[in-house]
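One structure below.
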Amino acid sequence: QVQLVSSGGGLVQAGDSLRLSCTASGLTFSWYAMGWFRQAPGKEREFVAAVSRNGDATYYADSVKGRFTISRDNAKDTVYLQMNSLQPEDTARYYCAANMDNVTPNRRLYDFWGQGTQVTVSS
């Protein structure tokens with residue numbers, strides 16, 4: 001079955017960096033656009049970033065543009081989210097997701113989801 005396994009979360013201070021990874025299995029990774037979403041307690045899950053099948057197109061939420069970078073390595077079936085200049089408002093559980101369409105912020109178009117990894121940023 002399809003699995004998306006996320007890692008790399010943790011507790012950091014404001015201004016620090018983290019790199020999240022999400023490794024896929026059970027699907028042909030290069031057929032899927034990949035996205036990162038996040039969900040804070042009591043809030044809806046929100047779009048963070050997405051990358052096209054071959055990595056040549058990316059899309060970011062305004063709140064992370066210029067600080068976060070999404071990338072992928074199709075040889076490793078892995079998508080990454082480099083997060084710099086982290087702020088307390090970035091605290092959330094981060095989820096990777098896969099969809100067979102295009103780079104999109106619409107979470108309803110994603111077919112598969114990982115279990116998430118927690119990111120906590122202290123001030």
What is the percent carbon and sulfur in the accessible area of the chain, measuring with a 1.4 Å probe over the protein chains and ignoring ligands? 45
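For residue 71 and residue 28, what does the FRET efficiency come to when R0 = 25 Å and r is the distance between their Cβ atoms, rounded to the nearest 0.05? Walk me through the intermediate numbers first.
Numbers: r = 19 Å, r/R0 = 0.75.
E between residue 71 and residue 28, to the nearest 0.05, is 0.85.
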Starting from the Cα of residue 89, step 7 Å along the direction of its Cβ; do the same at residue 102; then give the gap between the two resulting points in nm. 2.9
Average accessible area per residue (Å²) across the chain - probe 1.4 Å, nucleic acids and ligands excluded: 51
Over the alpha carbons of region 74-123, what is the largest minus smallest coordinate on each principal axis, giving the biggest first in Å? 38, 27, 19
Exposure rule at most 12 other beta-carbon atoms within 10 Å, DSSP loop trypsin sites (Lys or Arg not before Pro): the chain longest free segment: 77-123
Restricting to the chain, compute how many DSSP beta bridges are antiparallel as a %, nearest 5. 90
Could you give the length gained on full extension between residue 40 and residue 57, defined as 0.36 nm per residue of separation minus the Cα-Cα distance, in nm? 3.4 nm
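Taking every pair of Cα atoms in the chain, average 1/r, invert it to obtain the Kirkwood radius, and report Rg/Rh to two decimals.
Values: Rg = 13.2 Å, Rh = 14.1 Å.
When Rh is taken as the Kirkwood radius, the ratio is 0.94.
The values are calculated or read from the model by the stated rules, or taken from the named source; none is laboratory data. Note that this is a predicted model, so its numbers are computed, not measured. A quick note on method: Cβ atoms are made from the backbone with ideal geometry, for glycine too, and the neighbour counts reach across all protein chains shown. Areas reflect the complete protein model, heavy atoms only, side chains present, ligands, DNA and RNA absent. Shrake-Rupley method; radii C 1.70, N 1.55, O 1.52, S 1.80 Å.
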